[in-house]
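Structure first, commentary second.
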Amino acid sequence: MTRTLAIWASALLTIMLAASTTAQDAAGNVPRSNDFVARIDLSGPIGPAAAEYVDDSLRRATRDGATAIVLQLDTPGGLSDSMREIIASILASPRPVIGYVAPSGARAASAGTYILYACPVAAMAPATHVGAATPVSLDGSGSLPSMNPPATPGSTTPPPSSDAESTKVLNDAVASIRSLAQLNGRNADWAAKAVQGAATLTADEAVQLHVADLIAPDVATLLLRLQGRHVHVGGQDLTLHLAGLSVRDYAPNWRTHLLALVTHPTIAYLLLLAGMYGLVLEAFHPGVFVPGVAGAICLLVGLYALQLLPVNYAGLALMLLGIGLVLAEALMPSVGAIGIGGVIAFVIGSIMLFDTGVPGYSVNLGVIAGMALGAVAVLAVLLRLVARSRRTRTFNGDAQMLLATGELTQPTDAHGDGWARISGEQWRVHSETALPAGTRVRVVGREGLLLRVTRA
C-alpha cells in the first residue's frame, strides 16, 4: 500500500513539473528550440543603402519570429537623414534591438553614437570606442561651432544669422540624443558633451559612465550576459531569455548592394561624367546610338544618386561649366585659355561636389586628378593639332592645283578636251595638243571646273 502511494505521488509530481514547464514555455521564460537571435551587420558609412538595409532586415527578422535583434555597429558616421531613418526603424521594432559595437577595434562614431543610444540595450566589445557626435554642416564647411555662451544680462544684440543657424542645428542634435538617452536610461549629460564637444569614450569608460550597459567579447557571451535582463520595448517591459539561442545573420540583398554601389560618391561622380560625355559623343556622331543610349542611362542613374546624396549644386554647376569650356575649346580652338579655364572649373567643381565633411562621402581625389589629367592631355593634343594645321601648306585652291599632276583617263578629242585623274579626282581637262590616254599631264590653269593641262 505504501509503495503504491509512493508511485502515485511520484507520477503526480512528474505531471505537475511537466505542466509547470509547459506554462513557462508558453510565457516565454524558457527558450524554445526554434527561437533565434537575428544579427544585422552595419559597417561603413551610414547612407541611404544602410538605412534601407537596416529597415528591411528588422522587418524580416520580426516576420521570421526572432526573439531579439543584435545590431552590430562599426561606423565612422554618415548622413543625418539616413541616421534618423535607422533610429525610427529601431524605435518602431516590436523586438528588442541590442546595439553592439564590435568587433574589437570597431567604433560607433558620429551618427553611430545616436544609433547606439536608440537601442534598448547597448553593448561594446573590448578595445572599441564611441562618441564624436558633433553634427556636420552639409555645405562643406566642416563641423559646426560649439554652442554659444549665454548672453550677458541686458544684451539685446542677436547672434549673426550663420551662427543662429548653426546653433539651431546643434540644439536640435543635443535634444535628439538627450531624448534617446532618457528613453533608455542612459547618461544624457555625456551624450550632450559628445555632440557639443565631440567627446569620446572607450568601452570600459562607457560602461562606467552608463553610456553602455555591458562589455562582451563576442555575440555568444553577449547573449549569455543579457540573460534575465529587463528592457522596455514598445511601451512594454520584457525579460530577455537569450542564453544558448542560435544566431541568424541577415545579409544585405542585391538591391541594397546595388543602391550602395550607385550612391557611393565616386561611383555617382563617374556615372555623371559618363552620361555627359556619352551624350556629347552622340551629338558629334549622330546615328551611332550606343554612346547616346549608354550616356542617357548613366546620366539618369547618376541623377538618382544625386537625389539621395548631399550635393553642393555650386560644385555641380562648376563641373558643367568646365566641361562646356573644354568642348568650346575643341570646337573653336584658341590659344588654350578657354580650355585651361574649363579644366580649372571642372577640378574645383569636382572637389566641391560631395565635400560635406561627412565621413565617407567625398569623391576620391585620385579619380578627380585622373580625370583632370585626361582633360589636360586632350587639350594638349587639340592645341598641337591646331598649331600644326596652321603651319601646313594649303591643300586646296588654285595655287595648290597648279602644282598638281595626273594622268589622262581618255585621249583628248579634236578640240583638245578630255578627262584626267588628278589628286585622286576625275577632272574635265583641255590641252592645246592631242594627247593619248595614259599621258602624264600637269595643270597649268583653271577655268571654273575645267583644268588646262599640258604634257608633264
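At a 1.4 Å probe radius, carbon and sulfur cover how many percent of the accessible area of segment 174-310?
Carbon and sulfur: 63 percent of the exposed surface of segment 174-310.
Given a Förster radius of 25 Å and the C-beta distance between Val378 and Ser423 as r, what FRET efficiency does 1/(1 + (r/R0)^6) yield to the nearest 0.05?
For Val378 and Ser423, the calculated efficiency is 0.20.
Using the basic label-point model (7 angstrom from Cα toward the beta carbon), what is the His430 to Ala404 distance in nanometres?
1.8 nm
If you average 1/r over every pair of different alpha-carbon atoms in segment 400-442 and take one over that average, what Kirkwood value in Å do you get?
10.1 Å
Which order do peptides 283-293, 68-78 fall in by mean Cβ count within 10 Å, highest first?
Result, highest mean Cβ count within 10 Å first: 68-78, 283-293.
Based on the mean of other beta carbon atoms within 10 Å per residue, what is the order of 296-308, 436-448, 108-120, most packed first?
Going from most to least packed, we get 108-120, 296-308, 436-448.
Compute the projected area of the convex hull of the Cα atoms of segment 234-284, averaged over all viewing directions, and report it in nm² to one decimal place.
If I average the Cα hull's projected area over directions, I get 7.3 nm².
How big is the convex hull of the Cα atoms of segment 166-293, per residue, in Å³?
Hull volume normalised by residue count: 216 Å³.
Sort out for me the Cα centre separation of segment 405-456 from segment 224-261, rounded to whole Å.
What the calculation gives is 93 Å, centre to centre.
Based only on Cα atoms, what mean projected area does the convex hull of segment 270-357 have, in nm²?
One quarter of the hull surface, i.e. the mean projection, equals 5.8 nm².
List the residues of segment 238-264 whose backbone N lies under 18 Å from a point placed 7 Å from the Cα of Leu300 along the Cα-to-Cβ direction.
Residues 259, 262-263 fall inside that zone.
The values are calculated or read from the model by the stated rules, or taken from the named source; none is laboratory data. Owing to the predicted nature of the structure, the values given are computational and were not obtained by experimental measurement. Counting neighbours? That spans all protein chains shown, and the Cβs are built from the backbone with ideal geometry, glycine included. What goes into the accessible areas is simple: the full protein's heavy atoms, side chains included, and nothing from ligands, DNA or RNA. Shrake-Rupley method; radii C 1.70, N 1.55, O 1.52, S 1.80 Å.
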